[in-house]
Amino acid sequence: MEKVFGRPKGLTEVPFSFCPGCTHGIIMRLIGEVLEELDIIEDTIGVSPVGCAGFSQDFFTCDFVGGPHGRAQAIGTGIKRALPDKIVFTYQGDGDIAGIGTQHAIHTAARGERITSIMVNNAIYGMTGGQMAPTTLAGMKTSTSPHGRDLVINGHPIDLPKTIATLDGAVYVASVSADSPKNIIQAKKAIKKAFQVQQAGLGFSFVSVLSTCPTNWGLSPQDSLQWLRDNMMPVYKLGELKVTEEVKNL
Amino acid sequence: MAKVKILPEYCKSCRLCIEACPKGVLKIGDKANAKGYYTVIAADEEKCNGCTLCAIVCPDVAIEVYK
Amino acid sequence: MSKRVLMKGNEVIGQAAIEAGCKLFFGYPITPSTEIIEYLSKYLPKAGGTVLQAEDEIGAINMCYGAACTGTRVMTASSSPGMSLKQEGISYCAAAELPVVLVNVNRTGPGLGGLGPAQSDYFQSTKGGGHGDYRLIVLAPSKSQELYDMTLEAFDLAEKYRNPVLLLTDGFLGQMMEPVELKEKPASPEVDKSWIVDGAKGRKKRIIASYSLTNEIGEANNLRWEAKYKDIKEKEQRWEEFYAEDADYLIVSYGTTGRISKSVVLNARKKGIKLGLIRPISLWPFPEKAFIPYKDKVKGIVTVELNTGQMIEDVKLAVECKVPVHLYRRQGGMLPTEDEILANVEKVFNLASEEV
Ligand SMILES: Cc1ncc(C[n+]2csc(CCOP(=O)(O)OP(=O)(O)O)c2C)c(N)n1
Ligand code: SF4
């Protein structure tokens, strides 16, 4: 019998540090598969965030750099400007990229920085124990919005990929989800495309992935998936939000 | 002929694979791994058709599929 | 080939960076440092490098972090408020042991302050500035030639010790025009690059990060850094002595005021006052060794500073409080005149009667 599914070469043997059922791990695996399929493990430098994915450096077989909370894209920019022929990607939580690091998200995209950013949107700050994130939905309860996110006090959630898609330097922007086999396959296609866009040197590529946080949502892993579908998907619309002509011709 | 193999050292007993499997092959076993998780087993092994759906949804790359 | 030119202090730093082989500059404009990014924007591309104006100073320092991870020579420059924004990133650079060259053209503070020269960032520069227990190597030039020479050297020092190096100047030095000899940079010593990330081709993957999973690892890291700082402290103390050998009284002053103090010493000598100067050149490590011959000998010390009294603390420690140490300071962008410094020295030590 032949192995038709197993650990991709892009991942080390180190078990993920995520909570049981957390879909962070699925997204990491997809990146590991893409690194292997595009044969770019030896040419890639990843940048990890601060957050639940802060240990990504241990999980991938490529070189990795970790810095301050929210700064992965600035660090990625420094790496790419030094080594323009290498592949550089950042893996960041929604708090990391859409909260403390928003200025880099906007400007990295506007500059058309030839890097790839993967954002994991679980509508909450996971690592620090479930506080409100810029992506927390209206009415959603977190430890810092115990009565539900009040739009008058806390304002509206940010749909970052939608914003990024408006910037000229961003050439590929996709919003995907890690909730079901069908969506996971779509997510992988988007991630792969994003890396191919970088290989072709076309500009900034960005994939936002809807993900669960069973621990801080207070739901079982299975119920978390349903909660994501019922509550996040209507707000954060899935699909390829921006595909420039050059990317289409890839 | 297909075979699903669970890697107990990676399994965190989250059950997502059990829900994803259309054939009801998987269930939680009665043995705990070093971290204390009762890991998934292929209880109805011969029903597996190698669709890989369980492996696709596994967040810990704890499943290998052979065909 | 070396040549003599008349240049603005900030431009001298830019030119020296190019000569040093700096390939990337990330910055954000702020007076009185802006000529550095402007000069490099014009000339670094001609030398095969890139200047990127970042979204802000936080972006700039983290871009430096990324570039330094690849072993590329990289620099950023700013002035006080901008340096405040960079502090978190500088702490991470120190923890990841990255050779980044930093320039602070000190302006007044706190707050937005003004554009005049100041030494109010002495504590920030020498005691850590950001969080955690780290040190930067801090060099304090006092004339254009030193701006050039120390910028060149900063890149070598940063690589030698794998530590950020800060060039601390001020608006006066930055704007001043003075002749400089643009010397060719001597070849840099071979440095170990077995730690850089550039893609794991034919080797094991590498990680550059500073998170310690356990307290035991945390302490081991702190001890390793401590040992490095101790080594630097032993080897890299720098200072200049001026009429110090036979002095009864010493001025201790660096940078712009160190320069003014030289004239003060000459004026005092004309009056028969045996005044000397110790001018710290490395602010960290502070040149404690300079004080060993004098701490049991001189009658008094005055530090001349452009702040509320910051370096004076290190001077007191260096002389183990065996000598009375006074402060003469101007602030908010004001510079002291030679006469006012001398008058103060005479006043605090009751020297008026000693005049001949
Ligand atoms: C400057 C700074 N502020 C705050 C923190 C604390 N902190 C660590 S992770 C985090 C939020 C992480 O949330 P997110 O980016 O959404 O990632 P997740 O953990 O949910 O995957 C915060 C606030 C920090 N490390 N540094
Ligand atoms: S806290 Fe939430 S996001 Fe973080 S690993 Fe656990 S489930 Fe995943």
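Just so it is clear, none of the values below were taken in a lab; they were calculated from the coordinates. None of these values were measured; they are calculated from a predicted model. Note that each Cβ is placed from the backbone with ideal geometry, even for glycine, and that neighbours are counted across all protein chains shown.
Assorted remarks:
- Here the spin labels are modelled as points 7 Å beyond Cα on the Cα-Cβ line, and at residue C:241 and residue C:127 they lie 2.9 nm apart.
- Helix C:255-270 and the longest principal axis of the C-alpha atoms of chain C enclose an angle of approximately 20°.
- DSSP-defined beta bridges in region A:39-248 - what % are antiparallel, rounded to 5: 20
- Of all DSSP beta bridges confined to region C:3-235, the antiparallel ones make up roughly 25%.
- Here is the result for region C:2-75: no trypsin sites (Lys or Arg not before Pro) lie in DSSP coil with at most 10 other C-beta atoms within 10 angstrom of their C-beta.
- Considering only A:105, C:225, C:175, the residue lying farthest towards the positive end of the dipole of the protein assembly as shown is A:105, judged by Cα position with unit charges set on Cβ.
- Most tightly packed first, judged by the mean number of other beta-carbon atoms within 10 Å of their residues, the peptides C:60-69, C:83-92, A:115-124 read C:60-69, A:115-124, C:83-92.
- Plainly put, chain C has a radius of gyration that is 0.99 times its Kirkwood radius, both from alpha-carbon atoms, as the Rg/Rh ratio.
- Hits among lysines - C-alpha to C-alpha of residue A:3 under 16 Å, sequence gap 8 or more where chains match: B:3, B:5, B:67
- For region C:229-283, the list of GluC sites (Glu not before Pro) that fall in a loop by DSSP and count at most 13 other C-beta atoms within 10 angstrom reads C:245.
- Where labels lie 7 Å past Cα in the beta-carbon direction, separation of residue C:220 and residue A:143 in nm: 3.0
- Total charge dipole magnitude, chain C, about the Cα centre, Cβ charges on Lys, Arg, Asp, Glu only, Debye to nearest 20: 620
- Bridge type composition, the protein assembly as shown - antiparallel percent by DSSP, nearest 5: 35
- Total charge dipole magnitude, region B:3-66, about the Cα centre, Cβ charges on Lys, Arg, Asp, Glu only, Debye to nearest 20: 80
- In region C:185-268, trypsin sites (Lys or Arg not before Pro) in a DSSP loop with at most 10 other beta-carbon atoms within 10 Å: C:193, C:201, C:204
- Maximal additional length on extending the residue C:263-residue C:112 stretch stands at 51.2 nm, based on 0.36 nm per residue less the C-alpha distance.
- Local electrostatic count at residue C:121 - Lys and Arg +1, Asp and Glu -1, tallied over other residues with Cβ under 10 Å: 0
- The residue B:67 and residue A:85 beta-carbon pair, evaluated with R₀ = 45 Å, returns a calculated FRET efficiency of approximately 0.75.
- Placing unit charges on each Cβ (+1 for Lys and Arg, -1 for Asp and Glu) gives the protein assembly as shown a dipole about its Cα centre, and among B:4, C:326, C:105 the Cα reaching farthest toward its positive end belongs to B:4.
- Taken as Cα centroids, region C:245-269 and region A:217-240 sit 71 Å apart, rounded to the nearest whole angstrom.
- FRET efficiency estimate (nearest 0.05) - Cβ-Cβ, residue B:46 to residue C:190, R0 45 angstrom: 0.10
- Three-way shape call for region C:310-356 based on the alpha-carbon gyration tensor, with the a/c threshold at 1.5: oblate
- Note on residue C:160: aspartates and glutamates with a C-alpha under 14 Å away, same-chain residues under 8 apart excluded, are C:97, C:190, C:192, C:231, C:236.
- Whether region B:3-66 is rounded, prolate or oblate, judged on the alpha carbon gyration tensor where a/c under 1.5 counts as rounded: prolate
- Dipole moment magnitude, nearest 20 debye, region C:240-354 about Cα centre, only Lys, Arg, Asp, Glu C-beta charged: 120
- Residue pairs, from the table C:271/C:299; C:183/C:270; A:162/C:42; A:80/C:193; B:12/B:47; C:3/C:289, whose Cα atoms sit over 25 Å apart: C:183/C:270; A:162/C:42; C:3/C:289
- Degrees between helix C:34-43 axis and first principal axis of chain C (Cα, 0 to 90, nearest 10): 50
- q = 0.14 Å⁻¹: log10 I(q)/I(0) that the Debye formula gives for region A:39-248, counting C-alpha atoms only: -0.78
- Global geometry of the protein assembly as shown, whether rounded, prolate or oblate, following the gyration tensor of its Cα atoms and the 1.5 cut on a/c: prolate
- Euclidean distance of C-alpha centroids, region A:110-139 and region A:29-74, integer Å: 16
- Helix C:57-69 vs. chain C, principal-axis angle (Cα, 0 to 90°, nearest 10): 60
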